[in-house]
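Everything below concerns the one structure shown next.
The values are calculated or read from the model by the stated rules, or taken from the named source; none is laboratory data. Quick caveat, the model's predicted, so the values are computed rather than measured. Quick note on the areas: whole protein, heavy atoms, side chains included, nothing else; ligands and nucleic acids left out. Shrake-Rupley method; radii C 1.70, N 1.55, O 1.52, S 1.80 Å.
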Amino acid sequence: MDTTLFNQMHLYFNQVWKLMEKLIDTVEFHRGVLAVLWQYIYARGFLEFYKKNFSVLH
């Protein structure tokens with residue numbers, strides 16, 4: 001997800017975050033579970049994205 005949204009789709013952090021908020025809200029509405037795949041080899045480039053995700057999901 002991280003490399004697709006940033007590298008292939010060329011989205012900016014704010015655009016990606018809006019998509020994540022929508023996804024989180026949808027999962028919450030349906031009382032679902034959101035599984036986040038942590039790609040540790042890419043974490044350096046997307047550390048702020050991961051921090052924000054985990055602070056909201058926690």
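Please arrange 52, 22 by accessible surface area, largest first, computed with a 1.4 Å probe and ligands excluded. Please report the intermediate quantities before stating the final value.
Numbers: 52 75, 22 140 Å².
My answer, sorted largest first, is 22, 52.
Residue 37: accessible area at probe 1.4 Å, nearest 10 Å²?
130 Å²
Roll a 1.4 Å probe over the protein heavy atoms and report the accessible area of residue 4 in Å², nearest 10.
70 Å²
Could you rank 13, 6, 29 by how accessible they are, 1.4 Å probe, largest area first? Can you show the working numbers first?
Working: 13 70, 6 35, 29 160 Å².
Largest accessible area first, the residues go 29, 13, 6.
Might you work out the accessible area of residue 16 for me, using a 1.4 Å probe with all protein chains in place, and round it to the nearest 10 Å²?
My reading of the accessible area for residue 16 is about 0 Å².
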